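Engineer: A single structure is presented below for examination.
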Amino acid sequence: MIIKEREKVGLKEVVVSDLKKEIIAFANHLGGKLYIGVKDDGTIIGLDNPDSVSLQISNMIRDTIKPDLTMFIHYETLECEEKFVLCVDIQQGSEHLYYVAKKGLRPEDVYVC
């Protein structure tokens, strides 16, 4: 399986706090997928515990993104090159705008693709 970064696909080696900005951007536009455990160049590095990573992302979404976006997120663990990769499928949300809860609904804190 070859994974390439493009408009509706993001690649991340590990979970970082900026991940929420990409999730918000996908939810505010047409949706998209994030593959965790993959370098920017498409190299599969894998995850030791994809279930733990999905829980970490789920908690981050629940705690930091408003309005609630959890029902529009789906997680799938894939096996690529004998390594585990987490696919986070973000659907377009039903609300008009999603944003980082701490920062509020200001133009500079709303992200789109």
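The values are calculated or read from the model by the stated rules, or taken from the named source; none is laboratory data. Because the structure is a prediction, the values reported are computed rather than measured. Please note: Cβ atoms are built from the backbone with ideal geometry, for glycine as well, and neighbour counts cover all protein chains shown.
Engineer: Tell me yes or no: at least one residue of the stretch 68-85 is of a type in the set (D, E, K, R) and within 17 Å of D18 (Cβ to Cβ).
Structural biologist: There is no residue in the stretch 68-85 that is of a type in the set (D, E, K, R) and within 17 Å of D18 (Cβ to Cβ).
Engineer: Taking the conditions exactly as written (closer than 13 Å to Q91 by Cβ and hydroxyl-bearing (S, T, Y)), does Y35 satisfy them or not? Outline the logic, then answer.
Structural biologist: Details: closer than 13 Å to Q91 by Cβ: no; hydroxyl-bearing (S, T, Y): yes.
Here the answer is no, as Y35 does not meet what is asked.
Engineer: Within the stretch 7-16, does at least one residue satisfy the condition of being touching a residue at least 60 places away in the same chain (Cβ under 8 Å) and out of contact with any His (no Cβ under 8 Å at 6 or more places or on another chain)?
Structural biologist: yes
Engineer: When the stretch 61-91 is examined, which residues are found to be assigned to a helix (DSSP H, G or I) and surrounded by 16 or more Cβ atoms within 10 Å (Cβ to Cβ)? So that I can check it myself, show each step before the final result.
Structural biologist: Step one: of the stretch 61-91, the residues assigned to a helix (DSSP H, G or I) are 61-64, 70-72.
Selection gives I61, T64, F72.
Engineer: Here's a follow-up. Counting only residues that are in contact (Cβ under 8 Å) with a residue 24 or more places away in the chain, over 19 Å from E79 (Cβ atoms) and among the polar types (S, T, N, Q), which one in the stretch 26-58 is surrounded by the most Cβ atoms within 10 Å (Cβ to Cβ)?
Structural biologist: N28
Engineer: Let me ask you something else. Inside the stretch 1-25, can you point out the residues that are at pLDDT 90 or above, surrounded by fewer than 16 Cβ atoms within 10 Å (Cβ to Cβ) and part of a strand (DSSP E or B)?
Structural biologist: Within the stretch 1-25, just V9 meets the criteria.
Engineer: For the stretch 77-89, indicate whether the set of residues that are modelled with pLDDT of 95 or more, closer than 18 Å to G32 by Cβ and in contact with a Cys (Cβ under 7 Å, 6 or more places away or on another chain) is non-empty.
Structural biologist: Yes, that holds for at least one residue.
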